[in-house]
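A short worksheet on the structure shown next.
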Amino acid sequence: MARSLIQQLNGKLQRSFLLGSKYCVQRLQVQPSARLTAFVAGVQRSGTNMMMDVLERSYSTEVFHERDQRAFDNYLMRPVPEIRQLHAQSRASVFVIKALCELQRLSGLMDEFRPARTVWVVRNYDDVVNSMLVSFRNHAKQIQRMARDRSSDGWRGEGMSDATHALVRRLTHAELSDASAAALMWYLRNVLFFEQDLDTSADVIVVPYERLVTAPAVEFRRVFAFLGLDYTPRVNANVFPSSIRRRPPPAIDPAIREVCDALTARFDGLAGPRGG
């Protein structure tokens, strides 16, 4: 316990030093005229926090986590005019902001903040479900409500297509488990990627979480190049693969597992060849 507390304290001190140093360096630079906006997207528990932390270690970024009250209110991105104001005040070359509860609006947000690019992190749904079940036990009730009315749970059902809603209604039943419901949530939020035609955009890349943690130098170099950032190995020094398959796969309805597997295959086709 004491060692863990010391590590947390060291981490906070290191981050404070980093942010202070970045602030000074960026204030000495000429404000860039064509600042890139980078959205970090994905379903909750998919590794987006890790991506944000790594991007924050670049001296060319200003990063707005979902816990940052300047840009978010209870994890929801503040209105576009308020984000524009933060964007205008930034002196970083790349303005990075989380977009999880806003996945359904991502295409529009990219249009609002052009030039803009998106890094969409995808993680194996079994691991996502296991992680979700640690903190929440209301997934079945959420899905059952959305099966009746897709607008019943705010951002979770916002932007849901008729086809997805029909699928949710077909796969939802009175005995739906939290694990199966969480997997269905993984599906209905990730399928927004394809329903917005983001798979056809050169300004969006898919990044598999498993590659990030097993080959961080390769994958983060790819992400940094995509965002026009200089890469150095120090940025991902604290990335490890210990979070993969930590628990056995959860019990998920076979029909829901089938649609999640199919969506996984679609993402796999976009992630590109594994680097060496």
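Quick note: the coordinates plus some simple rules give every number you see, no bench work behind them. Small disclaimer: the values here were computed from a predicted structure and weren't measured. Reconstructed Cβ throughout: ideal geometry from the backbone, glycine too, with neighbour counts over all protein chains shown.
Once the Cα atoms are used to define both axes, helix 139-148 deviates from the longest principal axis of the chain by about 70 degrees. Quick check for you: which residues of segment 234-263 have the amide N under 12 Å from the point 7 Å beyond the Cα of Phe194 toward its beta carbon? The answer is 259-263.
With a cut-off of 11 Å between beta carbons, the residues surrounding Glu158 carry a summed charge of +2, where Lys and Arg count +1 and Asp and Glu -1. Between Val218 and His165, the distance separating the two model label sites (each 7 Å from Cα on the Cα→Cβ line) works out to 4.2 nm. With both labels modelled 7 Å from their Cα along Cα-to-Cβ, the Ser135 to Arg247 distance reads 1.3 nm.
Return a whole-number percent for the relative contact order of segment 130-276, with Cα pairs under 8 Å and 6 or more residues apart as the contact set. Dividing the mean separation by the residue count of segment 130-276 yields 28 percent.
Of the residues Phe39, Met110, Gln142, the one whose Cα sits farthest towards the positive end of the charge dipole of the chain is Phe39 (charges of +1 on Lys and Arg Cβ, -1 on Asp and Glu Cβ, taken about the Cα centre).
Seen against the Cα atoms of the chain and their longest principal axis, helix 216-226 is set at about 80 degrees. When the chain is treated as a Gaussian network with alpha carbon springs shorter than 10 Å, the biggest mean-square fluctuation among Ala255, Ala179, Ala99 belongs to Ala255. Listed peptides 162-175, 58-71, 224-237 appear in the order 58-71, 224-237, 162-175 once ranked by packing, highest mean of other Cβ atoms within 10 Å at the front. When the Gaussian network model of the chain links Cα atoms closer than 10 Å, the mean-square fluctuations of Leu100, Leu188, Leu263 top out at Leu263.
Quick one: angle between helix 162-171 and the longest Cα principal axis of the chain, in degrees between 0 and 90, rounded to 10, please. Tilt relative to the chain: about 60 degrees.
For the chain, a simple Cβ point-charge model (Lys and Arg +1, Asp and Glu -1, everything else neutral) yields a dipole of about 880 debye relative to the Cα centre. One decimal place: the segment Gln144-Ser201 gains 17.2 nm when fully extended, by the rule 0.36 nm per residue minus the C-alpha distance.
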